[in-house]
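The values are calculated or read from the model by the stated rules, or taken from the named source; none is laboratory data. Computed from a prediction, not measured in an experiment: that's the story for all the values here. Cβ placement follows ideal geometry from the backbone for every residue including glycine, while neighbour counts extend to all protein chains displayed. Surface accessibility is based on the protein's heavy atoms, side chains included, excluding ligands, DNA and RNA. Shrake-Rupley method; radii C 1.70, N 1.55, O 1.52, S 1.80 Å.
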Amino acid sequence: MKIMVAVKRVIDYNVKVRGKSDETGVETANVKMSMNPFDEIAIEEGVRLREAGTAEELIAVSIGPQGAQETIRTALAMGADRGIHVASDDDLEPLAVAKLLKALADKENPDLFILGKQAIDDDSSQTGQMLAALLGWSQGTFASKLELDGANTNVTREIDGGLETVRLAMPAVITTDLRLNTPRYASLPNIMKAKKKTIDAMSPADLGVDVTPRLTTLKVVEPSKREAGVIVETVDELLDKLKNEAKVI
Ligand code: AMP
């Protein structure tokens, strides 16, 4: 079985994101970038399936500027066998990413495509679903447990009020939720080994995909600053403020 995993390079989740002063987007210059956390979980799941002998090959794919190769190297150090970098400096929308991933799936013929449930920069949560639709494959989104058995996969999903288990026919697209696994740290020897693994580079044009955006971002602004709170002495004072200042009761 062959598995492909999509890994996106995003602003590190520990960094406080700042808007650009011209309101055209968020500041990424000199900002620490990392692999999208849900994609680390996707790679970890793929590596576990390869280690268990369920999969023979695990390919990590990233789409984005040159720096995306660093994210692919991290995936290779975690255990992926090879990487594919689709180079693009454009701001790509989920549909464009899904079309590129479909084109790669058509070339590579994987049995399983694993993505994160959402990228923490755009929070779209669309790419996996669009990819499954474009490929005409089954989809198991927000997976917290995966059980592969031959031509089928059972996916357990966290839904409001409980767990839902769905059975998918392969090939399938899976998107990962937080509790699927705990990703490993890449060890130093594996980071060294990853330097020798192959990353194929190509462009959207090589894959015959038009990535022209369909949406225009009008502006990006930071949330307004919270005003300092006040400590009230009595319940009567609180009620008075809620009634006459905040006017919420
Ligand atoms: P989104 O739909 O943007 O929230 O992204 C969901 C998932 O799609 C991510 O967790 C990644 O697995 C994948 N993805 C989105 N954008 C990219 C990208 N530029 N390169 C690789 N994978 C991506």
Original post:
For the stretch 1-95, list the strands (runs of 3 or more DSSP E) that sit wholly inside it and hold at least 1 residues that are away from the ligand (no atom under 14 Å from the Cβ) and open to solvent by 20 Å² or more (accessible area, probe 1.4 Å); which are they?
Top reply: 2-6, 57-64, 82-87
Subject >> Residues of the stretch 199-241 satisfying the condition of being open to solvent by 80 Å² or more (accessible area, probe 1.4 Å) and among the polar types (S, T, N, Q) >> reply: THR212, THR216, THR217, SER224
Original post:
Residues in the stretch 97-104: is at least one more than 12 Å from the ligand (Cβ to nearest atom), touching a residue at least 24 places away in the same chain (Cβ under 8 Å), closer than 22 Å to ALA75 by Cα and open to solvent by less than 40 Å² (accessible area, probe 1.4 Å)?
Top reply: yes
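Being touching a residue at least 24 places away in the same chain (Cβ under 8 Å) and among the β-branched types (Val, Ile, Thr): is that true of VAL221 here?
The answer is yes for VAL221.
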Subject >> Test result for ILE120, of a type outside the set (S, T, N, Q), within 11 Å of the ligand (Cβ to nearest atom), outside any loop (DSSP other than H, G, I, E, B) and modelled with pLDDT of 95 or more >> reply: no
Original post:
Conditions: (1) assigned to a loop (DSSP other than H, G, I, E, B); (2) surrounded by fewer than 16 Cβ atoms within 10 Å (Cβ to Cβ); (3) modelled with pLDDT of 95 or more. SER125 meets all but one. Number of the miss?
Top reply: (2)
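Consider the stretch 128-154. How many of its residues are of a type outside the set (A, V, I, L, M), within 12 Å of the ligand (Cβ to nearest atom) and open to solvent by 30 Å² or more (accessible area, probe 1.4 Å)?
Within the stretch 128-154, residues that are of a type outside the set (A, V, I, L, M), within 12 Å of the ligand (Cβ to nearest atom) and open to solvent by 30 Å² or more (accessible area, probe 1.4 Å) number 2.
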**OP:** Those residues that are in a strand (DSSP E or B), under 19 Å from GLN126 (Cβ atoms) and either of a type in the set (Lys, Arg) or open to solvent by 50 Å² or more (accessible area, probe 1.4 Å) (or both), I need them from the stretch 167-184; list them, please.
**Re:** none
